[in-house]
Amino acid sequence: MPKSREQCAQIREDKRNKILDESVFYFAKHGLDGTKIGDLSKAIGIAQGSIYSYFTSKEDLFYEVQKLSRERIGEEEIDKINDKDVPPVRKLRYISDFILKNLSENEMYCAYFYLAFYEQMMGRKEKKKASENHLMDVMSRIISQGQKEGFFAKGDAKKAADYYIGVVFLYSIKKLHDPNVELLNSSELERVIRG
């Protein structure tokens, strides 16, 4: 029996999502420059031509993998923490605990975090800016609020957020390449903010 239009669309969407999901770890391990589509297709078990049926180029696939990664670093959970009626110092601790727990327990979270901030941390110009730095924006607001209330060291809140994210980015790379690496604890991570 022939497939309906809806079934065909679902099959196509499932295949696209499979390519995205399985490309995350490969891109995290090899980076954009170190990835060849032929090697990636072998690693994820999909024909090279199939990848090009869904994505126009390696860069297009990488951009979509980054977008997926930003969705999976826990923005909803971080928003819930930010919305709590607690002092900024508590928000910072909850976010630090959330991020470090995920880095510690979930290798894919390390890949997601690395890819979500790859362009920014590598000093490359991002393809699109809108809402791509949600965590950075949330952290900047929490830090700014904490500075006003005297909890955190004075200074540029965006630079402090960048430094905080940069430290997490570094540890996501370390954890990807050595699953046994010892992570910072929340207090150590927060030193950059607290002063």
Inset, instruction - List the number of the failed condition for Ile11; all other conditions in (1) more than 27 Å from Tyr171 (Cβ to Cβ); (2) touching a residue at least 40 places away in the same chain (Cβ under 8 Å) hold. - result: (2)
Legend entry - Residue check, Phe27 surrounded by 12 or more Cβ atoms within 10 Å (Cβ to Cβ), touching a residue at least 40 places away in the same chain (Cβ under 8 Å) and not assigned by TED's automatic domain parsing to the domain that holds Lys175: yes
Legend entry - the stretch 51-66, subset surrounded by fewer than 16 Cβ atoms within 10 Å (Cβ to Cβ) and among the polar types (S, T, N, Q), residue farthest from the chain's Cα centre (by Cα): Ser53
Inset, instruction - Scan the stretch 1-57 for residues that are within 22 Å of Arg72 (Cβ to Cβ), out of contact with any Lys or Arg (no Cβ under 6 Å at 6 or more places or on another chain) and among the hydroxyl-bearing types (Ser, Thr, Tyr) and report the count. - result: 3
Legend entry - Tabulated pairs, the stretch 171-195, first in contact (Cβ under 8 Å) with a residue 24 or more places away in the chain, second assigned to a loop (DSSP other than H, G, I, E, B), C-beta under 6 angstrom, 6+ apart or interchain: Tyr171/Leu183; Lys175/Val181; Ile193/Phe152; Arg194/Phe152; Gly195/Ala153
Inset, instruction - Please tell me if Asp85 is of a type in the set (Asp, Glu) and in a loop (DSSP other than H, G, I, E, B). - result: yes
Inset, instruction - Filter the stretch 95-138 down to residues that are over 15 Å from Tyr171 (Cα atoms) and modelled with pLDDT of 95 or more, then give me how many there are. - result: 1
Inset, instruction - Name every residue in the stretch 32-82 that is more than 16 Å from Glu107 (Cα to Cα), in contact (Cβ under 8 Å) with a residue 24 or more places away in the chain and of a type in the set (Gly, Ala, Ser), in order of residue number. - result: Ser50
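Taking the stretch 88-121, which residues are part of a loop (DSSP other than H, G, I, E, B) and either hydrophobic (A, V, I, L, M, F, W, C) or under 16 Å from Tyr164 (Cα atoms) (or both)?
Of the stretch 88-121, the ones part of a loop (DSSP other than H, G, I, E, B) are 106, 117.
The one that is part of a loop (DSSP other than H, G, I, E, B) and either hydrophobic (A, V, I, L, M, F, W, C) or under 16 Å from Tyr164 (Cα atoms) (or both): Phe117.
The values are calculated or read from the model by the stated rules, or taken from the named source; none is laboratory data. Computed from a predicted model, the values in this text were never measured in an experiment. Backbone-built Cβ (ideal geometry, glycine too); neighbour counts: all protein chains shown.
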